[in-house]
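**Student:** What follows is a structure written as structure tokens; I'll ask about it next.
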Amino acid sequence: MSADPARWHSSTSSGGNRMEFKNFSLYINQTKVNRFAGELAAGKLMSTLCKKCGRQYYPPQADCPSCMGSEMEWKELKAEGKLVTFTRIYVPPEHFAVRQPLMPFSSVQFEPCPIGLIRVEKGLTIMGWIPKVDIKKIRIGMKMKASPFTLPDGKITIVLEPI
Ligand SMILES: [Zn+2]
């Protein structure tokens, strides 16, 4: 469940959702994982590891939902694994839609881009765009690696490439 897209969005997006959490502790939790974005910009995909129970999280969690512990250690992920699933996105995510009417990695409006999920160490999953592979050639189980990618507008996203 750690790769639940809704959770991913609320913890990394600078979109409108954040304001709703302003008066709740969740807002504090989100600021505690801000390091994730900085590490992405430096080319690293980070997870957090609970020092108390040993569970590892990606996207990083500031507190452990399993044992409620708050002592978390940052750990870089070996971001390689097999493709679990993929699809095509027809509606751009909110933060892409605001400044850029095009889908990331597309030159034509409404051209869909594949997006997929790979399973890496500890059973964690990483979601990313698949801009360089024809969707007809994408296969479940193919080995891929995830890397941060800076878009023309300066926003950082994650891409998956075959290895
Ligand atoms: Zn824990």
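**Student:** How many of the residues making up segment 51-84 are within 12 Å of the ligand (Cβ to nearest atom), assigned to a loop (DSSP other than H, G, I, E, B) and not aliphatic (A, V, I, L, M)?
**Tutor:** Residues meeting the conditions: 14.
**Student:** For segment 124-151, what are the residues that are open to solvent by 40 Å² or more (accessible area, probe 1.4 Å) and either closer than 17 Å to Leu40 by Cα or within 16 Å of the chain's Cα centre (by Cα) (or both)?
**Tutor:** Met127, Pro131, Lys145, Phe149, Thr150, listed by residue number.
**Student:** If you scan segment 34-44, which residues turn out to be closer than 10 Å to Trp74 by Cα and touching a helix residue (DSSP H, G or I) at 6+ places or on another chain (Cβ under 9 Å)? Working first, answer last.
**Tutor:** Initial filter on segment 34-44 (closer than 10 Å to Trp74 by Cα): 35-36.
Answer for segment 34-44, where residues must be closer than 10 Å to Trp74 by Cα and touching a helix residue (DSSP H, G or I) at 6+ places or on another chain (Cβ under 9 Å): just Phe36.
**Student:** Conditions first: (1) modelled with pLDDT of 90 or more; (2) open to solvent by less than 40 Å² (accessible area, probe 1.4 Å); (3) closer than 20 Å to Pro148 by Cβ. Ser13 passes all but one, so which condition is the exception?
**Tutor:** Of the numbered conditions (1) modelled with pLDDT of 90 or more; (2) open to solvent by less than 40 Å² (accessible area, probe 1.4 Å); (3) closer than 20 Å to Pro148 by Cβ, the odd one out for Ser13 is (1).
The values are calculated or read from the model by the stated rules, or taken from the named source; none is laboratory data. Here the structure is a predicted model, which means the values were calculated and not measured. Cβ coordinates were reconstructed from backbone atoms using ideal geometry, including for glycine residues, and neighbour counts include every protein chain displayed. Protein only, heavy atoms only, side chains kept; ligands, DNA and RNA dropped before computing areas. Shrake-Rupley method; radii C 1.70, N 1.55, O 1.52, S 1.80 Å.
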